[in-house]
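Contents: one structure, followed by commentary.
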Amino acid sequence: MSQHPQNTRAIRVADLSARRPVTFDIAPDAAEMARIASDLGVLGLRKLRLRGTLTAEGRADWLLQADLGATVSQPCVVTLEPVQTRIDESVMRRFSPDARLDAPDPGAEIEMPEDDTLEPLDTEIDLARVMIEALSLALPPYPRKDGAELGQLTVAEEGVTPMQDEETKPFAALSGLRDKLGKPDTE
């Protein structure tokens, strides 16, 4: 079987041919995108698509190379107004039976593998999971609307002059003392 139908979400490893790459192209419908948006905590999601190929690597490993595209709406971290972001990312995963990790004991420290593209190979390769994981990693962590700036809030008790940022710098007081004493700069 050289090609899977469009929108196939999971590909059985037993159906893959080591001689020919398998192409895929998945694009969730509106209802599925709304569910994904809700799961990821974003305001909206449009034009989500993952398209690419699965190619045999050696005897039991598979290389997934794909392009992820999506338009995401998130709240601005300053104004909370919706911010639209276009995401176009390359995705690469290597599926290998050797990548299986034993479940660590609760609270135990584990070392992260050097190759972050390596995934354990099971009986299926779940393309929808790869798409959602890649999308969540590509989301801007602090989306900001153009021109949105944080203001400065200055608070002090009545009758007290609020401290300014300049006054918190370590050498500001020394500079003020030098000016009061009228000594020339020794630099």
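Sorting Leu174, Leu16 from the fewest to the most surrounding beta carbons within 10 angstrom yields Leu174, Leu16.
Counted by neighbouring Cβ atoms within 10 Å, the residues Ile87, Ile125 run from fewest to most as Ile87, Ile125. Under 5 Å between amide hydrogens, built in the peptide plane, is the criterion, and for Thr79 it picks out Lys145 among residues at least 5 positions away or on other chains.
What FRET efficiency would be calculated for the residue pair Thr79, Thr23, taking the C-beta separation as r and a Förster radius of 35 Å, to the nearest 0.05?
For R0 = 35 Å, the calculated efficiency reads 0.25.
Read-outs throughout are calculated quantities, based only on the coordinates presented, and are distinct from any laboratory measurement. Nothing here was measured: the structure is a model prediction, and the numbers come from that model. Because the Cβ atoms are built from the backbone with ideal geometry, glycine has one as well, and the counts that use them run over all protein chains shown.
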